[in-house]
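Before anything else, here's the structure in question.
Every read-out reported here was derived from the displayed coordinates using simple, explicitly stated rules and does not represent laboratory data. Please read these numbers as outputs of a predicted model, since none were measured by experiment. Here Cβ is always computed from backbone atoms with ideal geometry, including for glycine, and neighbour counts include all displayed protein chains.
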Amino acid sequence: MNLTKRVFMAACAATFGLALAGPAAVAQETTDPENTMIIKLEDGDVVVRLRPDLAPKHVAQIKTLVRNGEYDNVAFHRVIPGFMAQTGDVQYGDMENGFQPGRAGTGASNLSDIPAEFTNEPFVRGTVGMARAQNPNSANSQFFIMFDKGSFLNGQYTVFGEVVSGMEFVDKIKKGTQANNGAVSDPDRMIKVVIAADAQ
């Protein structure tokens, strides 16, 4: 790890109190602080490389929501073993402000929905994709992290990022059951979400 990256990671830890998940988080030559999202979970920090090259409108909206603090304390309301962990309902999923378990997963932000930005990028373990309703252009704030590959999603949902460090912490997120469509009672949450550049 070069000195610049070491200083950058130290700044993130000092500014946000994040115990980042080691050199792997920054060993990627493509790491760009402006397009790096850090999700603080109970068990550790998940570092996500955002992909404006694939989905510039989605990445822009995600960064706006992060910087507005919208994702802090938002539940992982739908978590299916072997498939994915879904979060990001800033309307009904904020566990510190107006949490409505029965409605979590049906809400959105005050921002407009985003036109689909489908690509050939495959859904594999660590892929971060946007959730949406039946309308392909209905993505807003909710997103999911893949536990495993899901080729049936390819070209049907927008990929906007990939986990570069901390999948072991994603694996520990409390899960629901497939029989209940992954709904989680007393769910885990994103404790804090930041864009790494804001630590500089």
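Extending each Cα 7 Å along its Cβ direction at residue 106 and residue 53, get the distance between those two points in nm, one decimal.
4.1 nm
Using the Cβ atoms and a cut-off under 9 Å, what net charge is assigned to the surroundings of residue 39, where Lys and Arg are +1 and Asp and Glu are -1? Before the final figure, lay out the partial values.
Details: positive: 40, 192; negative: 45.
Net of charged neighbours comes to +1.
Can you give the FRET efficiency to the nearest 0.05 for residue 152 and residue 197, using r as the Cβ-Cβ distance and R₀ = 45 Å?
Working: r = 34 Å, r/R0 = 0.77.
Once the sixth-power term is evaluated, E becomes 0.85.
Another question, then. Please work out whether region 67-200 counts as rounded, prolate or oblate from its C-alpha gyration tensor, where a ≥ b ≥ c are the square roots of the eigenvalues and a/c under 1.5 means rounded, while otherwise a/b larger than b/c means prolate and anything else oblate?
On the way: a/c = 1.19, a/b = 1.11, b/c = 1.07.
Cα axes put region 67-200 in the rounded bin.
With Cβ to Cβ distances under 14 Å as the rule, what net charge do the other residues near residue 126 carry (K, R +1; D, E -1)? Numbers along the way, then the final one.
Numbers: positive: 49, 51, 125, 149; negative: 121, 148, 162, 168, 171.
Within the 14 Å Cβ shell, the charges total -1.
A follow-up question, please. What number comes out for the charge environment of residue 166, summing +1 per Lys or Arg and -1 per Asp or Glu over other residues with Cβ under 14 Å away?
-2
Checking the a/c ratio against 1.5 first, then a/b against b/c, what shape does the Cα gyration tensor give for region 43-99?
On the way: a/c = 1.84, a/b = 1.22, b/c = 1.51.
Since a/c reaches 1.5 but b/c is at least a/b, the shape of region 43-99 is classed as oblate.
Using unit Cβ charges (K, R positive; D, E negative) and no other charged atoms, how large, in debye to the nearest 20, is the dipole of region 58-200 about its Cα centre? If you can, show how the numbers build up before the last one.
Working: 12 positive and 15 negative charges, 44 e Å.
Roughly 220 debye, rounded to the nearest 20.
Residue by residue, what Karplus-based ³J(HN,Hα) values in Hz, rounded to whole numbers, does region 95-107 have, using 6.51, -1.76 and 1.60 with θ = phi - 60° and x for Gly and Pro?
Running phi through 6.51 cos²θ - 1.76 cosθ + 1.60 with θ = phi - 60° gives 6, 10, 8, x, 4, 10, x, x, 10, 4, x, 10, x Hz.
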